[in-house]
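J.: Let me begin by handing over the structure; questions about it come next.
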Amino acid sequence: MLNLAPNEREQLQLERLQATLNRAYRNVPFHQNRQNLVAGRNGKDPSAIERVEDIAALPFMERKHLGEHYPYGLFAVPLKDIVRIHTAPGTTRHPTVTGYTRQDLRMWREMVGRAFTAAGITSEDILQIDLDPGLANWGRDYKDGAESMDVAVIPNTPLSPSKQLMVLRDYKTSALVTTPSRAIQLTDLMFKAELNPTALNLKRLILVGEPLMPEVRRRLESRLHVETWHQFGLSEVPGPAIAFECRDHHGLHINEDHFLPEIVDPVSGDVLPRGETGELVLTTLTTRAFPLIRFRTGEKARLMADTCPCGTTFLKLEWFEDRTDDILNINGVKVHPSQITRHIEDALSFVPKYRAAVREAEGEKKLLEAAIAMDDRLFSDEIKILEKRIHQLESSLRENLGVPVRIRLMETSLL
């Protein structure tokens with residue numbers, strides 16, 4: 001699959017696209033109700049698409065649609081065919097709920113295995129997974145993919161950084177799946193503990209969840225004496241390893257037999273020529289339970305036009321740090337401003353003036369900082385009551401968003 005000729009790849013994509021559109025149009029009212037699935041062919045079966053490029057005539061899916069059809073409104077198969085259900089924070093009051101058939105889970109194992117193979121992972125490795133709670137679903141997918149390759153896995157477990165480092169050292173971990181932020185945190189902790197990296201068996205870092213900046217890669221590789229491998233996925237839906245690095249380390253190969261990528265102008269929605277930077281839009285080609293049709297990811301990216309020395313013919317993706325929307329990326333977990341506002345209102349019974357931002361905490365791990373304006377409605381006769389309310393708000397945000405949180409009270413004029 002990795003070395004399909006362009007005409008073979010396009011034919012495979014077209015066949016799978018038509019099957020996906022037929023299934024979605026037939027089984028999902030959301031798609032049935034949008035009669036303009038194919039421009040100029042109102043009411044006609046969307047399989048009338050004759051070329052992959054014709055997908056540009058279809059409407060976009062957005063994150064708000066995932067919450068609006070909570071919980072099972074976007075499922076394209078009966079519930080009896082669902083074998084796993086995932087939940088992630090959504091952009092509306094409802095969370096995002098996604099389902100997977102057995103075939104879907106096999107697909108994810110295949111993609112994860114493909115990405116691991118490209119990174120040189122074999123059955124001789126001991127693979128440790130260390131991801132934030134908000135990426136717990138990814139932890140399961142990475143575990144399943146590694147186990148399908150007979151790799152020994154230390155599953156994603158909520159441990160303190162010092163405990164993760166202990167496991168890394170004592171269990172002779174040779175490959176670590178984590179985010180760039182957590183990798184930096186563990187590295188700083190290791191040097192603080194005066195643990196020599198040569199005492200570790202670690203050889204590879206699989207970095208996920210966030211764009212990997214060149215300076216961060218150089219820093220990790222030089223301090224840990226490892227090789228780093230970057231992978232891309234969606235934290236809300238459907239999962240990890242949608243794109244992965246090969247040995248060339250210049251762009252991420254997209255699994256084009258499972259996903260159809262587009263780059264569009266984030267304002268007009270027009271498809272941009274290959275090589276131009278814009279918003280990444282993805283369409284699933286093999287997902288049965290939860291098909292995405294032109295899903296706007298908000299990720300800023302470009303499709304690279306050059307061929308790869310590794311021989312893989314799948315297109316490569318360059319993934320940028322800034323986004324085309326206002327979503328915050330915190331250690332790989334996507335947080336929408338509306339989610340923050342909703343939880344603040346639930347905790348305080350009103351929405352004060354506030355400012356949310358991503359900050360670096362100890363060891364350069366990222367956290368969500370919400371600076372809230374001092375407001376008379378916050379205060380009572382006892383300071384302990386105010387402290388309790390702020391503590392409850394921090395806990396609510398942390399629990400519901402799956403990211404570290406810090407609340408600060410500030411003068412309104414400083415916001």
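Taken together, the values in this text are just the output of simple stated rules run on the coordinates, not laboratory data. Computed from a predicted structure; not experimentally measured. Virtual Cβ from ideal backbone geometry, glycine too; neighbours counted across all protein chains shown.
J.: For the range 336-414, what class follows from the C-alpha gyration tensor (a ≥ b ≥ c being the square roots of its eigenvalues): rounded when a/c is under 1.5, otherwise prolate if a/b is larger than b/c, else oblate?
T.: It is prolate, given that a/c is not under 1.5 and a/b is the larger ratio.
J.: Oh, and also: State to the nearest 20 debye the size of the charge dipole of the range 1-324 about its Cα centre, where the only charges are +1 on K and R beta carbons and -1 on D and E beta carbons.
T.: That gives a dipole near 760 debye.
J.: Given labels modelled 7 Å from the Cα in the Cβ direction, how far is it in nm from residue 406 to residue 274?
T.: It is 4.5 nm.
J.: Okay, next question. If you place +1 on the Cβ of every Lys and Arg, -1 on the Cβ of every Asp and Glu, and leave all else neutral, what size is the dipole of the range 196-315 about its Cα centre, to the nearest 20 Debye?
T.: With Lys and Arg at +1 and Asp and Glu at -1, about 440 debye.
J.: Now a separate question. So if I take the centroid of the Cα atoms in the range 92-146 and the same for the range 186-265, what is the distance between those two points in Å?
T.: 14
J.: Which entries of 80/334; 163/192; 192/334; 172/203; 143/172 show an alpha-carbon separation above 19 angstrom in the structure shown?
T.: 80/334; 192/334
J.: Given the -39500 (n - 2.57) contribution per DSSP H run of 4+ residues, what per-residue ellipticity at 222 nm results for the chain, rounded to the nearest 500 deg cm²/dmol?
T.: Calculated from helices alone, the mean residue ellipticity at 222 nm is -9500 deg cm²/dmol.
J.: Length gain on complete extension for the stretch residue 265 to residue 198, per 0.36 nm per residue less the alpha carbon to alpha carbon distance? It would help to have the intermediate numbers written out before the result.
T.: Values: separation 67, 0.36 × 67 = 24.12 nm, distance 4.69 nm.
Extending this stretch completely gives an extra 19.4 nm.
J.: Quick check: convex hull over the Cα atoms of the chain, volume per residue in Å³, rounded to an integer?
T.: Hull volume over Cα atoms, normalised by residue count, gives 156 Å³.
J.: Could you rank the peptides 25-33, 275-283 by their average count of other C-beta atoms within 10 Å per residue, with the highest value first?
T.: The most tightly packed comes first, giving 275-283, 25-33.
J.: If you keep only loop residues by DSSP, which trypsin sites (Lys or Arg not before Pro) in the range 255-345 have at most 16 other Cβ atoms within 10 Å of their Cβ?
T.: Taking the range 255-345 and a limit of 16 other Cβ atoms within 10 Å, the loop trypsin sites (Lys or Arg not before Pro) found are 274.
J.: Give me the dipole magnitude in Debye, nearest 20, for the range 336-414 about the Cα centre, with unit charges on the beta carbon: positive for Lys and Arg, negative for Asp and Glu.
T.: The calculated dipole for the range 336-414 is roughly 200 debye.
J.: Got the relative contact order for the chain handy, in percent, Cα pairs under 8 Å and 6 or more residues apart? Can you show the working numbers first?
T.: Numbers: 823 pairs, mean separation 61.9, N = 415.
Relative contact order for the chain comes out at 15 percent.
J.: Can you tell me how much longer the chain between residue 94 and residue 57 gets when fully stretched, taken as 0.36 nm per residue apart minus their C-alpha distance, in nm with one decimal?
T.: Residue separation times 0.36 nm, minus the Cα-Cα distance, leaves 10.4 nm.
J.: If packing is taken as the average number of other Cβ atoms within 10 Å across a peptide's residues, how do 161-173, 98-110, 347-359 rank, most packed first?
T.: Numbers: 161-173: 15.9, 98-110: 20.2, 347-359: 14.2.
Order by mean packing, descending: 98-110, 161-173, 347-359.
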